[in-house]
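Nothing in this text is a laboratory measurement; each read-out follows from the coordinates by a stated rule. Because the structure is a prediction, the values reported are computed rather than measured. Here Cβ is always computed from backbone atoms with ideal geometry, including for glycine, and neighbour counts include all displayed protein chains.
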Amino acid sequence: MLKIDKPFLYVITSGKRWKHEEVAKAALKAGVRIIQYREKEAPARVMVGEARRIRKLCDEYDAMLIVNDRVDIAIACNADGVHVGQDDIPAEIVAEIFDGIIGMSVKTVEQAKQAEEYADYLGAGSAFPTGTKESKVIGVEGIRRIVEAVSIPVVAIGGITRENVLEVLKTGVAGVAVVSAVSMADDPEDAARKLLGILSTFNGGR
Ligand SMILES: Cc1ncc(COP(=O)(O)OP(=O)(O)O)c(N)n1
Ligand SMILES: Cc1ncsc1CCOP(=O)(O)O
Ligand SMILES: [Mg+2]
């Protein structure tokens, strides 16, 4: 389902410093192959336009697009997938109406095992404290427990930076997801390139 080499960098856009499209384009130029469009406040009319423009960019770079929370926007922009959390539309209902990748957020092994039935991958975190979202920190050990409990790809999220990403990779995650490390960077393309550089040197050892 996630047809990219491991470990991968999963960039989540925020429109708070740069436009969503600017972040997506910078990440794609750097070599990122999975982008999540995450917009929590804009009207649907604005979201659908942004999501469609990012879809076009992802097509140019042969990259996957996941839409956060909103199955309607995901359908309208022909996204590859949709990501839902514990309070969003349940994954089993997403599966009824959406033909694509389903990602689900989890914090515990119990949630992870339940999510496995309908999800194609899991977003596990927060790995570290983060200012981007109020989210309980489960730590690197919490991520490791989830990785070991399931057989679908696990993407770590929350407070991941160039400084701590190696520690996270050692848990065996399939990928690492970042919002601020790229979307809030002075130079998002350079930030993504540097993170990708660290991922490519990681030898997979635990
Ligand atoms: C890859 C990935 N993992 C986790 C999340 C968080 O989803 P959720 O808990 O629904 O929180 P919001 O992002 O919707 O605020 C994610 N978006 N992506
Ligand atoms: C969306 C989300 N879900 C758990 S932590 C988080 C925020 C991640 O953002 P950042 O990479 O800036 O810490
Ligand atoms: Mg959500």
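At a glance:
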read-out	value
Stretchable slack from TYR118 to ASP187, in nm (0.36 nm times residue separation minus alpha-carbon distance)	21.2 nm
Residue order, fewest to most surrounding Cβ atoms within 10 angstrom, among ARG52, ARG144	ARG52, ARG144
Relative contact order (%) - criterion: Cα under 8 Å, at least six apart; region: the chain	22 percent
HN-Hα J in Hz across the stretch 33-46 - Karplus 6.51, -1.76, 1.60, θ = phi - 60°, x for Gly and Pro	10, 9, 10, 10, 8, 10, 10, 9, 10, 5, x, 4, 4, 6
Cα shape, the stretch 105-171, gyration tensor, a/c 1.5 rule	prolate
Table column - 3J(HN,Hα) (Hz), the stretch 54-67, Karplus curve with 6.51, -1.76, 1.60, x for Gly and Pro	5, 4, 4, 4, 4, 4, 4, 9, 6, 10, 8, 10, 10, 9
Relative compactness, the chain, computed as alpha-carbon Rg over 2.2 N^0.38 Å	0.93
Cβ crowding within 10 Å averaged over residues, with 164-171, 181-188, 31-38 ranked highest first	31-38, 181-188, 164-171
The stretch 80-95 - phi-based ³J(HN,Hα) in whole Hz, Karplus 6.51/-1.76/1.60, Gly and Pro as x	6, x, 9, 10, 10, x, 5, 9, 8, 4, x, 4, 5, 7, 4, 4
Amide proton proximity set for MET64, modelled H, under 5 Å, gap of 5+	ILE34, ILE35
